[in-house]
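Each remark here refers to the structure printed beneath this line.
The values are calculated or read from the model by the stated rules, or taken from the named source; none is laboratory data. Only a predicted model underlies this, so the values are computations on that prediction, with no experimental measurement involved. Don't worry about glycine lacking a Cβ; one is built from the backbone with ideal geometry, like all the others, and counts go over all protein chains shown. Heads up: the accessible areas ignore ligands, DNA and RNA and are worked out on the full protein's heavy atoms, side chains in. Shrake-Rupley method; radii C 1.70, N 1.55, O 1.52, S 1.80 Å.
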Amino acid sequence: MNNNVFMTPGYTTAKEIKQVRKQLGLTQKDFAMLINASKSTVERWERSDEPIIGPIVLLLKMLEKYPEYVETIRVPEKIYPIRLWYMHKQSLCTLIDVDEVHRHVQIRNYTDNVMFRAFGKEEEPDYEMYTAFLESRCFPKSRDKMKLVLKDLDLPFYDPFMIIEKTEGRMAEDDFWIKIER
């Protein structure tokens, strides 16, 4: 006997999509971003008189059952002038908001794996931890022929933040990188 039978509905409807979207309090554009589809696709689904099939059927059922999940993946509004997106491949691991003038750092982790978090188990890093994190994503200050490397990067001096702006904090030995938003 085949045990791989699932109770997933075969299709969904325009009414069900609209209902779940409104339950989540999302516009068509925001819902499209959530499910990684285009706004025009969501618009087409919500106008359709035909059954809608595909992965959206299962995803809709999951969002209907666990609407709170959307809040766990929502990116909060930027509160400080600088935002760093600490990524592993294409997955956001830690969001880091920084106010360099007042030396404030606020983070939000998007993974339970502490090895993938920017600050490991630390939930409230201070500014010194932040600067140490930046340095950890750069070549060492003591690197041989550092002036040549800085020249290649078109940088006048060693500054971890400026280096990361140029290199995205990429290292040869891992798949982590940093996107900086000002």
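For every residue, the table says whether it meets (1) assigned to a strand (DSSP E or B); (2) among the polar types (S, T, N, Q); (3) more than 25 Å from Leu92 (Cα to Cα).
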| position | (1), (2), (3) |
| --- | --- |
| Ala132 | no, no, no |
| Glu135 | no, no, no |
| Cys138 | no, no, no |
| Lys141 | no, no, yes |
| Asp144 | no, no, yes |
| Trp177 | yes, no, no |
| Ile180 | yes, no, no |
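Here is a yes/no grid of residues against (1) over 18 Å from the mean Cα position of the chain (by Cα); (2) modelled with pLDDT of 95 or more; (3) open to solvent by less than 70 Å² (accessible area, probe 1.4 Å):
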| site | (1), (2), (3) |
| --- | --- |
| Ala32 | no, yes, yes |
| Asn36 | no, yes, no |
| Ser48 | yes, yes, yes |
| Lys61 | yes, yes, no |
| Ile82 | no, yes, yes |
| Asp97 | no, yes, yes |
| Ile107 | no, yes, yes |
| Met115 | no, yes, no |
| Phe139 | yes, no, yes |
Residue pairs meeting the criteria (Cβ under 7 Å; at least 6 apart or on separate chains; first closer than 14 Å to Leu60 by Cα, in the range 24-45; second of a type in the set (Gly, Ala, Ser) and assigned to a helix (DSSP H, G or I)): Val42/Ala32; Trp45/Ala14
Residues (among the small types (Gly, Ala, Ser) and at pLDDT below 95) located in the range 161-182: Ala172
Some residue of the range 87-102 being more than 18 Å from Ile180 (Cα to Cα) and not in a loop (DSSP other than H, G, I, E, B): no
